Amino acid sequence: MTNKNEMIVRKDVFIIFMAVVILVPLLFLQNSLSSRWGEREQDVREGYLIQEMINSGYIQRADVSDHEGFTVENHMFYETDFLTVLNLMQNTNEPFILYVGFGACPWCVESIPVLYEAASYHGIDRILYVNRRSELNWDPDEPMRLSDMEKHLMNLLEQHMVLTTREMADGSFLTRIFVPEVLLWNGETVVMHNTSTLYGHDREFCEENEEYFLPELTEEQRQELLDIYMKIMELYLSGERTQGEHINENRYPCEPIDC
C-alpha cells in the first residue's frame, strides 16, 4: 500500500514538474510576444514605417532649391507623392506632417523658411513633401487639371474639411488642395492644417509692370505664421488624437498658376 501511495505521489510530482516545464516557457513567450507587439505599436506611432521608407531609399530628401531664397541643404523635407500619402492615411495609423507646394508658387516660397524654422526649433527631422508639379502629380499641359491620385486624396480629405473652394479670375470656382498646404495627420484624422500663408497676404497689382506680385511677409505676419506652424509641431509631438483647427483658407481671385 505504501509503495502504491509513493507511486501516486511521484506521478503527481511528475505532472506538476512537466506543467511547470511547459507552461513557464509558454508564459514567457506570450509576454515576450506581447512586449514585442507593444514595441511595434510604438514604432508605428513614432514614424517607423516612414523611417523604413527613408532607410530603403523609397523616400529621399527633397530638392527644394526651386523655392527661391531657401538654401538649406540638410533640411527635414522628404519628397513623396499623393499615392504614398493616401496609402499612409488609409492603411496605417502612422502620424506625419505633410507639406504640399512647389517652387514657382510665391506663397510656398514665403512659407517654407518659416516652416523649416518651426520644425527645427522642435527638433522635428521629417516632414513629408509633395511637389505639386512633380511628374507623378501634375500635367504641365493642363496645369489646373486634377491628377487621379489628387482626386482620390481629395475624396479622403473632404471628410476632414481640408479642401478649399476658390473663385478664379474668370469667375469660375475650383476645389482642390491649394498650396502651400501644411497638414498634421495623427493616424486617424487631420488635427490641424494651414492653407496658404495668412488671411490677407494677397497679391498686389504693379501698375508699372502691369502684373500681380506677392509682397514679402512683414515681420508681424511672419511671426503670426511661425506661431501657427509652431502649434502644428507641438500638437504633433504631443500625440494629439482629436480633430482640431482648420485655418487661413484664403479666398481671393486666383490667376491660373496652379496654387
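Computed values, structure above
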{"read-out": "The range 53-120, relative contact order [Cα under 8 Å, separation at least 6], %", "value": "37"}
{"read-out": "FRET efficiency, 1/(1 + (r/R0)^6) with R0 35 Å, evaluated for Glu208 and Gln60 via beta carbons", "value": "0.25"}
{"read-out": "Projected label distance in nm at Glu188 and Glu52, using a 7 Å step from Cα toward the beta-carbon", "value": "2.3"}
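Read-outs throughout are calculated quantities, based only on the coordinates presented, and are distinct from any laboratory measurement. Fair warning: this is a prediction, and the values are worked out from it, not measured in the lab. Counting neighbours? That spans all protein chains shown, and the Cβs are built from the backbone with ideal geometry, glycine included.
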